[in-house]
Amino acid sequence: MQEFLVVSAIGEDKPGIINALSQVATESGCNILDTRMTVLGGEFALLMMLNGTAGNIDNVTRALTPVAARYCLTTILKRTQPRKIDQASRPYRVEVVALDHPGIVREIAGFFGNRQINIEEMETGTYAAAHTGTPMFSLEMTVNIPATTSIAGLKEAFVTFCDERNLDASIEPRR
């Protein structure tokens, strides 16, 4: 019977971290199902989902401790189950660009959360606008829209929401 483990790791960015963590997973007999990794400032951050037998998961749990210590990583390990996907929902991609200011993420998350629409993935960043250097904000996310939600009504409400906040945005089916 397959078991599942989510590994969260954060620490100073150094070469070889991903290689070491993936080697531990492989040598423990686990399969890497899903991974998200980024560097924020000078910090490396990783989320990784593994699966394997109960013995494999126990092995990887023990083997991760010395690797985390060697790379000065703070880790959290959590056993989980495969995600149950609502087949009646539809994935949509949301993109937003705006002048950077505090509160954009909270407002956008609130728009979707208040409508019981789950945010599946989200990536945000800031950059300097070409020529002017003005601080800009960008957001890309995937939302899972319930089949009972009117797409036309949602798009209209989202456009109004964004216009009121001077956000340049789009919401389209994810391909």
Practice problem: For the chain, give the percent of accessible area contributed by carbon and sulfur heavy atoms, probe 1.4 Å, rounded to a whole number. | Solution: 53
Quiz item: Based on the Cα atoms of the range 110-175, what semi-axes does the equivalent ellipsoid have, where each is the square root of 5 times one gyration tensor eigenvalue, given in whole Å with the largest first?
Solution: 25, 14, 10
Quiz prompt | Compactness of the range 47-128 as Cα Rg over 2.2 N^0.38 Å, two decimals | solution = 1.59
Quiz item: Can you work out the FRET efficiency for the pair residue 97 and residue 8, with r the C-beta to C-beta distance and R0 = 22 Å, to the nearest 0.05?
Solution: 0.15
Exercise. Consider all pairwise Cα distances in the range 44-90 and report the whole-number % of them above 12 Å.
Key: 71
Practice problem: Specify the angular offset, from 0 to 90 degrees and rounded to the nearest 10, of the alpha carbon long axis of helix 151-164 from the longest principal axis of the alpha carbons in the chain. | Solution: 80
Quiz item: Which net charge results for the neighbourhood of residue 6, defined as the other residues with beta-carbon distances under 10 angstrom from its beta-carbon, given Lys and Arg at +1 and Asp and Glu at -1?
Solution: +1
Exercise. Name the long-range amide H neighbours of residue 12: under 5 Å, sequence gap of 5 or more, or other chain; modelled H, no Pro or chain starts.
Key: 44
Quiz item: Does the range 25-69 classify as rounded, prolate or oblate by the C-alpha gyration tensor (a ≥ b ≥ c root eigenvalues; a/c under 1.5 gives rounded; else a/b over b/c gives prolate, otherwise oblate)?
Solution: oblate
Quiz prompt | For the chain, with +1 on Lys and Arg beta carbons and -1 on Asp and Glu, the positive-most of 117, 134, 23 along the dipole | solution = 23
Exercise. Could you pull out every one of the aspartates and glutamates with an alpha carbon less than 14 Å from that of residue 84, ignoring same-chain neighbours closer than 8 positions?
Key: 120
Quiz item: Going by accessible area, probe 1.4 Å, with all protein chains left in place, what is the ranking of 119, 104, largest first?
Solution: 119, 104
Quiz item: Measuring from centroid to centroid over Cα atoms, what is the spacing of the range 39-100 and the range 9-25 in Å?
Solution: 12
Exercise. Please name which of 101, 153, 66 has its Cα lying farthest along the dipole of the range 1-155 towards the positive end, using unit charges on Cβ (Lys, Arg +1; Asp, Glu -1) and the Cα centre as origin.
Key: 153
Exercise. Please give the per residue accessible area of the chain, computed with a probe of 1.4 Å over protein heavy atoms only, in Å².
Key: 61
Quiz prompt | Cα-based shape type of the chain, given that a ≥ b ≥ c are square roots of the gyration tensor eigenvalues and the cut on a/c is 1.5 | solution = oblate
Quiz item: Just how large is the dipole of the range 65-175 about the Cα centre, in debye to the nearest 20, putting +1 at every Lys and Arg Cβ and -1 at every Asp and Glu Cβ?
Solution: 720
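The values are calculated or read from the model by the stated rules, or taken from the named source; none is laboratory data. What you are looking at is a predicted structure, and each value in this text was computed from that prediction instead of being measured. Every residue, glycine among them, receives a Cβ derived from its backbone with ideal geometry; neighbour counts consider all protein chains shown. To get the accessible areas, we keep the full protein, side chains included, count just its heavy atoms, and leave off ligands, DNA and RNA. Shrake-Rupley method; radii C 1.70, N 1.55, O 1.52, S 1.80 Å.
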